[in-house]
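Scroll down for the structure; my scribbles are underneath it.
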Amino acid sequence: MSSISTKTPAIALALALSAAFASMPVAAQSAGTEKCFGVALKGKNDCAAGPGTTCAGTSKVDHQANAWSLVPKGTCLNTVSKTSNTGFGQLKAFKSKEA
């Protein structure tokens with residue numbers, strides 16, 4: 001009976017920590033990733049899609065310059081972006097090049 005009572009607090013703690021981590025922002029959970037602007041497809045951004053949008057999944061067009069997706073750290077500047085002046089994702093929001 002005593003083994004059940006000692007396991008219960010540990011299980012409760014594990015469940016509480018799981019809930020806490022689940023509610024953390026995506027960026028806080030992913031130390032090996034970085035925000036990459038201009039690479040998300042329409043409706044597939046992770047967050048911060050700028051004016052007229054709220055958050056995840058709200059980008060209005062492919063490669064929206066002020067919408068980001070999390071990518072593996074160090075890969076953003078090599079990821080294709082059709083709206084960036086460099087042709088690649090950016091680490092900060094940018095003004096789209098003229099079509």
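Structure notes:
- Here's the list of lysines a cross-link from Lys95 could span, going by alpha-carbon distance under 26 Å and ignoring same-chain residues fewer than 8 apart: Lys35, Lys42, Lys44, Lys60, Lys73, Lys82.
- Interchain or long-range residues, amide H under 5 Å from Val61's placed H: Gly43
- Residues Val80, Val71 in ascending order of nearby Cβ atoms (within 10 Å, fewest first): Val80, Val71.
- Panel order for Lys92, Lys42, by other beta carbons found within 10 Å of each beta carbon, from fewest to most: Lys92, Lys42.
- Taking Lys and Arg as +1 and Asp and Glu as -1, the other residues whose beta-carbon sits under 13 Å from that of Lys92 total +1.
- Here Cys76, Cys47 are placed in order of increasing Cβ neighbour count within 10 Å, fewest first, which gives Cys47, Cys76.
Coordinate-derived values only; no laboratory data. Treat the numbers as computed from the prediction; the structure is a model and nothing was measured. Heads up, the Cβs are rebuilt from the backbone with ideal geometry, glycines too, and the neighbour counts pull from every protein chain shown.
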